[in-house]
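Written below as structure tokens is the structure these notes are about.
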Amino acid sequence: MTTLERTVLPGGTPDPKKPTDPDAAARWRRRYAAALRCFRAAHIPTVADEAAGAEAYVAMRARWDRYVTALAPYLGHSMQEIDPAAAGAAQSSR
């Protein structure tokens, strides 16, 4: 993605050192919990330690979310289309 962004985005890739918005991290934790509920309802095995899993997800998402968010409009998609659950959570928390 960073190669694509260096080519497509004006100004290149988003700043990787920018801290994660605390509201975004809270939305990602809710997103993770909702995904676990869906997986468990479908009898798909999940992590035993939900809190540790959520922290791992937030750490990983903090690394890639800014790139997806910056690139989405240039690919003709909104974040609602790319991640409807998270986008819906963001709208419902307003």
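The values are calculated or read from the model by the stated rules, or taken from the named source; none is laboratory data. Quantities reported herein were computed from a predicted structural model and do not represent experimental measurements. Cβ atoms come from the backbone with ideal geometry, glycine included; neighbour counts cover every protein chain shown.
Yes or no: segment 55-76 includes at least one residue that is farther than 26 Å from T2 by Cβ and surrounded by 13 or more Cβ atoms within 10 Å (Cβ to Cβ).
Scanning segment 55-76 turns up no residue that is farther than 26 Å from T2 by Cβ and surrounded by 13 or more Cβ atoms within 10 Å (Cβ to Cβ).
Please verify whether R31 is within 20 Å of I82 (Cβ to Cβ) and either out of contact with any Gly (no Cβ under 8 Å at 6 or more places or on another chain) or among the aliphatic types (A, V, I, L, M) (or both), treating the condition exactly as stated.
Answer is yes for this residue.
For segment 16-31, what are the residues that are modelled with pLDDT under 85 and surrounded by 10 or more Cβ atoms within 10 Å (Cβ to Cβ)?
Matches in segment 16-31: P16, T20, D21.
Can you tell me how many residues in segment 30-52 are assigned to a helix (DSSP H, G or I) and touching a helix residue (DSSP H, G or I) at 6+ places or on another chain (Cβ under 8 Å)?
Looking only at that region, the number is 8.
Write out, first by first residue and then by second, each pair whose Cβ atoms fall under 7 Å of each other, whose residues are 6+ apart or on separate chains, and whose first residue, in segment 69-85, is within 20 Å of T20 (Cβ to Cβ) while the second is basic (K, R).
These pairs meet every condition: A85/R31.
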